[in-house]
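Everything below concerns the one structure shown next.
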Amino acid sequence: MPTYARADVAFERGEGPYLFDDKGKRYLDFMSGIAVNGLGHCHPRLVEALTAQARRIWHVSNVFRVPGQEKVARRLVENTFADTVFFTNSGVEAWECGAKLVRKYHDETGNPQRWRIITFNQAFHGRTMTAISAAKQEKLVKGFYPLVEGFDQVAFGNLNELRAAITDETAAICVEPVQGEGGVRSGDADFMRALRQVCDEFGLLLFLDEIQTGMGRTGKLFAHEWAGITPDVMCIAKGIGGGFPVGACLATEKAAVGMTAGTHGTTFGGNPLAMAVADAVLDVILEPGFLDRVDAVARRLRARLEALAAKHRSVLTEVRGMGLLLGLRIRDGIANTDVIAALRDAGLVTVGAGDNVIRLLPPLIIGDAEIEEGCAILDRVLSETRAS
Ligand SMILES: *Cc1c(COP(=O)(O)O)cnc(C)c1O
């Protein structure tokens, strides 16, 4: 179905931070399949893990123990707030597991009247009926009514609106620490801490969507660590598979109290192939020094982008984001999609976001050479960009 306005480019091969199309042209990849290929393309450790697993066993039903799941879950638990994990094939399934867990928690703990979740404007949680109903963005929901009930929306960053929206039926607050699709808008540390406080005050669960911000993207394993808080439930995906489809819903034992045998399930989620790759991704990201390096590289890239924004004021109005999830706000009157196409022609792959933003999501493995190369292309293309 033509649900994507696809660019007329076909990539055939990838190597680290580079992509090669079917005509042999080379591109620097500052998109990473939308924060998926965090370790670049065809990382040798990931290729080895996947192919070795492919020779052993691909799939068994989740009615059996899956040792790979037990291992990856243990590592996630050891390195996060979580006590328990449910594996999925995609981001939205991980989010949906979290949304179900929230309702089940309150039902199980004597408050079945608490079933509504507060979300934020410009949010994105995926494309199922429930996830679009939660995000409410016009472009997501148009033509798909009636929506799933139970989501109340407030302005991102507005604590007064948030408090006013809480009722006896509120069960949780769901938020992306940095809104990716919504335009690379960051909730600052004070906002994140305030959300935790409000949840504690009203007995709500804090449900974080770290599908895009997680797995090292911001220079910590998860973005909420920058605020020094922990959620009760969190969905992840994208970077955990490094390109293999896998997601997970993480929770505290307390929040997951109702998720007992028979309450939720998946045929493919957490299969041995996915778990072999996720385990290898964790090997690399959890290596001592890896995340500090991401943080340092991100700061250098950001400084270069700030300088480009100062130089190209007629095109760029702002640099946004955290770590290697960065946004360039394009001035009104110039379409971000036109600049993205020009960058791609010049050999730099990026992706759009809401609010006329160009999103930069380079692989976490880039170094100074890639920063120089990417910024040189940006400088050149921005110099040639005019309002039409
Ligand atoms: C990508 C994304 C999703 C949806 O993930 P899918 O794998 O496409 O279902 C949900 N939330 C956020 C924040 C995302 O970036």
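Annotations for the structure displayed:
- Cβ separations smaller than 8 Å between residues 6+ apart or across chains give the following pairs from the stretch 295-313 residues that are farther than 18 Å from residue 365 by Cα and in a helix (DSSP H, G or I) to residues that are open to solvent by 60 Å² or more (accessible area, probe 1.4 Å) and charged (D, E, K, R): 309/318.
- Counted residues, the stretch 314-350 - those being part of a strand (DSSP E or B) and either open to solvent by 20 Å² or more (accessible area, probe 1.4 Å) or not assigned by TED's automatic domain parsing to the domain that holds residue 26 (or both): 5
- Where a residue in the stretch 346-372 is within 17 Å of residue 327 (Cβ to Cβ) and its partner, wherever it lies, is among the basic types (Lys, Arg) and crowded, with 24+ Cβ neighbours inside 10 Å, with Cβ under 6 Å and at least six apart: 351/359; 353/359
- Candidate set: the stretch 215-236, residues that are within 12 Å of the ligand (Cβ to nearest atom) and in a strand (DSSP E or B); chosen: the one nearest to residue 284 (Cα to Cα): 236
- Wholly within the stretch 10-116, helices (runs of 4 or more DSSP H) carrying at least 3 residues that are touching a residue at least 24 places away in the same chain (Cβ under 8 Å) and surrounded by fewer than 23 Cβ atoms within 10 Å (Cβ to Cβ): 44-54, 67-79, 91-108
- Criterion (under 21 Å from residue 36 (Cβ atoms), in a loop (DSSP other than H, G, I, E, B) and not charged (D, E, K, R)) met by exactly one of 291, 364, 282: 364
- Residue 71 being out of contact with any helix residue (DSSP H, G or I) (no Cβ under 7 Å at 6 or more places or on another chain) and not aliphatic (A, V, I, L, M): no
- Matching residues, the stretch 127-136, being open to solvent by 10 Å² or more (accessible area, probe 1.4 Å) and in contact (Cβ under 8 Å) with a residue 24 or more places away in the chain: 127, 128, 130
The values are calculated or read from the model by the stated rules, or taken from the named source; none is laboratory data. Model, not experiment: these values are computed from the prediction. Cβ: placed from backbone, ideal geometry, glycine included. Neighbour counts: every protein chain shown. Quick note on the areas: whole protein, heavy atoms, side chains included, nothing else; ligands and nucleic acids left out. Shrake-Rupley method; radii C 1.70, N 1.55, O 1.52, S 1.80 Å.
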